[in-house]
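First comes the structure, then the notes that go with it.
No value in this document is a laboratory result; all are computed from the given coordinates. All values reported here derive from a predicted model rather than from experimental measurement. A quick note on method: Cβ atoms are made from the backbone with ideal geometry, for glycine too, and the neighbour counts reach across all protein chains shown.
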Amino acid sequence: MILVGSVLYLALIFGVMLWKGISIEPEFVVFALLVIAIALGRGRTFIADWGPFLILFFAYEAMRGFAAKTGFAPHDLSGLERTVFGGTLPTLTLQHDFYRIETVSPQDVIAMFFYFMHFPLPILVGFVFWIRSREHYRRFIAALLLMALLSFVTYLFFPSAPPWYQFQEGRVPDSQVVHKILNETVDKLWGNNYFVSPLYTHLNPNQFAAFPSLHAAFPALAAVYAWSRYRPLAIGLILWTAAVLLSVVYLGEHYVVDALDGFIYVAVAALIVESFNRWWRHRAPAAGG
């Protein structure tokens with residue numbers, strides 16, 4: 001009963017936030033989950049287990065903007081994208097076929113939804129893991145933070161421009177312009193009434209943090225850690241990952257190669273964490289003996 005109530009509670013909160021143009025940020029998600037944890041009688045455990053993760057996560061968010069200040073020129077990955085896709089750019093193809101600049105189409109809203117769930121999704125999946133197994137939750141969170149750290153290092157030394165920046169109006173012919181659909185859709189729906197919390201308003205986002213795509217990597221990592229224990233959830237997350245990939249490419253935020261590189265980071269982070277976990281479990285009995 002609590003599970004059903006929790007799902008309805010979260011759906012109501014996030015639905016109203018999206019409807020009213022309120023950015024769904026990690027702190028809002030965590031506060032909502034804290035209420036559920038308290039209802040389960042695990043409020044103190046939640047704070048103890050999630051506190052360190054949140055501190056590190058917000059530290060990463062604060063540092064992410066610093067990566068844009070290193071002075072390295074952003075790389076143009078459109079050539080690699082064209083090589084992979086036989087001379088075409090999937091972003092341009094999708095926008096030419098489906099985007100209508102004069103109106104808000106259903107695909108714009110759907111893509112925006114998947115984009116905005118970038119931070120809430122891994123937190124929600126982590127909460128599912130936490131309820132069932134704190135140890136499984138900790139491994140997932142360790143892999144998530146490691147992947148974010150590896151990506152941050154990449155952004156420092158190999159910044160890359162997203163499609164909307166590389167193909168913006170005034171730099172390319174009109175037929176080659178990539179629209180930043182996310183911003184255009186937000187303006188059409190909410191204008192200046194779109195709300196971002198003060199915590200995120202003062203962060204300096206990095207517009208050259210496209211490669212790898214953590215938008216695609218976060219749900220993919222969640223699927224990896226759900227596979228062995230929660231197979232239906234893992235299958236749903238695989239489909240979610242595919243939807244995110246399609247959305248970020250359509251929105252002009254990432255190339256497909258950004259997402260593919262993100263999957264490599266998923267594999268590397270999971271391999272390191274799971275290898276360390278196996279080594280630690282084998283070492284513990286030996287040390288005790």
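According to a simple spin-label model (label point 7 Å from Cα along Cα-to-Cβ), what is the distance in nm between Leu149 and Tyr194?
It works out to 3.3 nm between the two label points.
Sort 206-217, 161-172 by the packing proxy (mean of other Cβ within 10 Å over each peptide's residues), most packed first. Could the numbers behind the result be given before it?
Details: 206-217: 24.4, 161-172: 18.0.
In decreasing order of mean packing, 206-217, 161-172 become 206-217, 161-172.
Specify which labelled value, from (1) 33, 24, 18; (2) 37, 33, 18; (3) 67, 32, 18, agrees with semi-axes √(5λ) of the Cα gyration tensor in Å derived from the coordinates of the model shown.
Here semi-axes √(5λ) of the Cα gyration tensor in Å agrees with entry (1).
For every helix of n ≥ 4 consecutive DSSP H residues, a contribution of -39,500 (n - 2.57) applies; sum these over the chain, divide by its total residues, and give [θ] at 222 nm rounded to the nearest 500 deg cm²/dmol. Before the final figure, lay out each step's value.
Details: 14 runs with 203 residues, N = 289.
So the calculated ellipticity at 222 nm is -23000 deg cm²/dmol.
List Arg281, Arg138 from most exposed to least, where exposure is judged by having the fewest other Cβ atoms within 10 Å.
Arranged by neighbour count, lowest to highest, Arg281, Arg138 become Arg281, Arg138.
Pull out the extension gain between Thr103 and Thr45, defined as 0.36 nm times the separation in residues minus the alpha carbon to alpha carbon distance; nm, one decimal. Can you show the working numbers first?
Details: separation 58, 0.36 × 58 = 20.88 nm, distance 4.73 nm.
Here the segment from Thr103 to Thr45 would lengthen by 16.2 nm.
Order of 256-262, 224-230, 186-192 by packing, highest average Cβ count within 10 Å first?
256-262, 224-230, 186-192
I want the local charge near Ser105. Using Cβ-Cβ distances under 12 Å, sum +1 for each Lys or Arg and -1 for each Asp or Glu among the other residues. All intermediate terms of the calculation are to be shown ahead of the outcome.
On the way: positive: Arg100, Lys188; negative: Asp97, Glu102, Asp108, Glu184.
Taking every other residue near Ser105 into account, the sum is -2.
FRET efficiency for Arg82 and Asn277, Cβ-Cβ distance as r, R0 = 51 Å, nearest 0.05?
Details: r = 40 Å, r/R0 = 0.79.
Calculated value: 0.80.
Pulled fully out, how much extra length does the chain show between Ala242 and Ile110, if you take 0.36 nm times their separation in residues and subtract their Cα-Cα distance?
46.2 nm
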